[in-house]
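Bear in mind these aren't lab numbers, they're just calculated from the coordinates by the rules spelled out. What you are looking at is a predicted structure, and each value in this text was computed from that prediction instead of being measured. Ideal geometry is used to build each Cβ from the backbone, glycine not excepted, and the neighbour counts take in all protein chains shown.
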Amino acid sequence: MACDSICVLGLGYIGLPTASLLATKGVKVLGVDTSAKAVETINAGEIHIHEPDLDVLVRAAVHSGNLKAYTEPQPADAFIIAVPTPVTEGHQPDLSYVRQAAKAIAPVLKPGDLVVVESTISIGATESVCQWIAEERPDLALPSRDDPSAEPAPSRIHVAHCPERVLPGQILRELVDNDRVVGGVDPASTAEAVELYRRFCKGAILSTDCRTAELCKLCENAFRDVNIAYANELSMICDEFDIDVWTLISLANRHPRVNILKPGPGVGGHCIAVDPWFIVASTPETARLIHRAREVNDSKPGHVVAAVRAKADRLKNPIIACLGLAFKADVDDLRGSPAVTIARQLAEEKAGTILAVEPHIEELPEALARCGVEKVGLGDALHRADVIVLLVDHRQFTAVDRHQYQDKILIDTRGAWR
Ligand code: SAJ
């Protein structure tokens, strides 16, 4: 494929690193984001999100002249859609951003172009992208899964799914090193997309069809969710019998075929706690285990709140310090964080004076500030609190010597102070 220019839609945690990486490989990249502020920041060679080393990469990409950001899609040879796909309150996939992106690129598409969806999507959604484009551009021939051997028409475009798989905090390394799964709507689309990813991926590029690629991404995150649910359920069983779950798991994991994950305050972020719902929404009767695992993990913050209250309620005017608000260690991302849910619930239930320590953010989220949570530094929290709840294993917290705080009640939801 003669792919001289790539338009990346959505310059967030996936789109911006991908766009910058491609630009530093000499490809002309046209980044698109609906946020004018993000576009302005990127064009100044700066970043609007936090990810290790991303600032250096973006600066290099912009200064090379190969990356420029816009608020509207630009003509290119290939299009990568990396926009959010949240779930609604009722746990239904919300593909509206993907639909908007597909409709937005339709006017600038030309025969021979490639469209790749990297966003996590429901089974069948890559084919929906074809349909959304066809509605805008009846002059273009779209690939068909039902007729893969159809003769390529001169007006044909290619459409594929290549789900992103990178771990926040390690995005730049994983973007290059991870294996990628590429599923085209037809074999020609798969082949075109494989070529594109070969340009910057060192990992294997694995070809399949679009539906398999869609479910592959979903089942990876659901696998993780189910396994974390198992660990979380065990932790709740252990609490009933006064058994230390960390000791239990470390013993069980000495079995050659057992590898239990870590319990925690719940599962957060915008991937593992979200993607299993895509499977449940498509197959509500069949995806029973996946559904139940989601419920188990979602119940864990409430269990932690009850455990904190069981101790704090015995004290008069207790001061409770919540260490960490991010969804996992050493990131600044508070999206879907169980730690935020716990701090908020403790404050709303008036369990005591609630202090929160989060070294990665400047200001408390509005929802926490509104219910009276106080943001303090680590030293202040450790000094003032009667109850210290470790919610995130940020390196600043795991370095704390718990033996210095024997006179306080310590609740370690991450097993970091063992
Ligand atoms: N967690 C536990 N116990 C564990 C592991 C994780 O409680 O043993 C919790 C974390 O604290 C966090 C949540 O699970 O709240 C998710 O964290 P994570 O680090 O496991 O995963 P994410 O959400 O940051 O990234 C995942 C990755 N998927 C898999 O590992 C299968 C990543 O590769 C995906 O690209 C990403 O989702 C995504 O974008 O879908």
With Cα coordinates, the longest principal axis of the chain makes an angle with the long axis of helix 96-105, in degrees rounded to 10, of 30 degrees
log₁₀ of I(q)/I(0) at q = 0.12 Å⁻¹ - the range 123-257, Debye sum with one point per alpha carbon = -0.64
Distance (nanometres) between label positions extended 7 Å along Cα→Cβ at LYS110 and GLU363 = 4.5 nm
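Could you calculate the contour length gain from LYS37 to ARG99, that is, 0.36 nm times the residue separation minus the distance between their Cα atoms, to one decimal place in nm? Let's see the in-between values first.
Details: separation 62, 0.36 × 62 = 22.32 nm, distance 2.25 nm.
So the chain would gain 20.1 nm between LYS37 and ARG99.
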Long-range HN-HN contacts of SER207 with modeled amide H, under 5 Å | VAL182
Taking the range 252-345 as the region of interest, what is the percent of Cα-Cα pairs per 10 angstrom bin, listed from the shortest bin to the one with the maximum distance?
-> 14, 35, 32, 16, 3
Put a dot 7 Å past each Cα toward the Cβ at HIS48 and ASN227; how far apart are the dots in nm?
-> 3.5 nm
Log10 I(q)/I(0) at q = 0.08, 0.12, 0.13 Å⁻¹ for the chain, from Debye over equal alpha-carbon scatterers, is -0.50, -1.01, -1.12
Charge dipole of the chain built from unit charges on the beta carbon (Lys, Arg +1; Asp, Glu -1), centred at mean Cα; most positive-end Cα among GLY184, THR247, LEU172 is THR247
Rounded to the nearest 0.05, FRET efficiency between GLU135 and GLU174 (Cβ-Cβ, R0 30 Å) equals 0.30
Could you work out how far apart the two model spin labels at ARG254 and GLN406 are, taking each label as a point 7 Å from the Cα in the direction of the beta carbon, and quote it in nm?
-> 2.8 nm
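Counting pairs of alpha carbon atoms under 8 Å apart in space and at least six apart in sequence, what relative contact order in percent does the range 5-203 give?
Working: 411 pairs, mean separation 37.9, N = 199.
The normalised contact order for the range 5-203 reaches 19 percent.
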Sum of side-chain charges, ALA252 neighbourhood, beta-carbon under 14 Å (Lys, Arg +1; Asp, Glu -1) = +1
Gap separating the Cα centres of the range 1-51 and the range 130-199, nearest whole Å = 19 Å
Which of LYS103/LYS217; LYS37/LYS300; LYS28/LYS202 exceed 28 Å between C-alpha atoms? The answer is LYS37/LYS300
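Of the listed peptides 294-300, 266-272, 130-136, what is their order by residue-averaged count of other C-beta atoms within 10 Å, with the highest listed first?
On the way: 294-300: 19.4, 266-272: 23.1, 130-136: 16.7.
The most tightly packed comes first, giving 266-272, 294-300, 130-136.
Throw me the Rg/Rh for the range 203-275, computed over C-alpha atoms with Kirkwood Rh, two decimals.
On the way: Rg = 15.8 Å, Rh = 14.2 Å.
Result for the range 203-275 is an Rg/Rh of 1.11.
Among the GluC sites (Glu not before Pro) within the range 298-386, which fall in a DSSP loop and have no more than 11 other Cβ atoms within 10 Å of their own Cβ?
GLU362, GLU363
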Candidate aspartates and glutamates - alpha carbon under 20 Å from LYS375, same-chain residues fewer than 8 apart omitted = ASP330, ASP332, ASP333, GLU348, GLU349, GLU358, GLU362, GLU363, GLU366, ASP386, ASP393, ASP412
For the range 219-412, what is the Kirkwood estimate of the hydrodynamic radius, computed as the reciprocal of the mean inverse distance between distinct Cα atoms, to one decimal in Å?
-> 17.5 Å
Where Lys and Arg each count +1 and Asp and Glu each count -1, what net charge lies around ARG59 among other residues with Cβ under 13 Å from its Cβ?
-> -3
Once the dipole of the range 219-412 is set up from charges on Cβ (+1 Lys and Arg, -1 Asp and Glu), the residue from the list GLY379, PRO365, TRP277 lying farthest towards its positive end is TRP277
Full extension from ASP242 to LEU206: what is 0.36 nm times the residue separation minus their Cα-Cα distance, to one decimal in nm?
-> 8.3 nm
In terms of modelled amide H atoms, which long-range or inter-chain residues lie less than 5 Å from the amide H of ASP186?
-> VAL159
Long-range HN-HN contacts of ARG156 with modeled amide H, under 5 Å | GLY112, ALA141
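Which value, to two decimals, describes the C-alpha radius of gyration of the range 43-92 once divided by 2.2 N^0.38 Å? Each step should come with its number before you reach the end.
Details: Rg = 14.9 Å, N = 50, 2.2 N^0.38 = 9.7 Å.
Scaled against compact globular proteins, the figure is 1.53.
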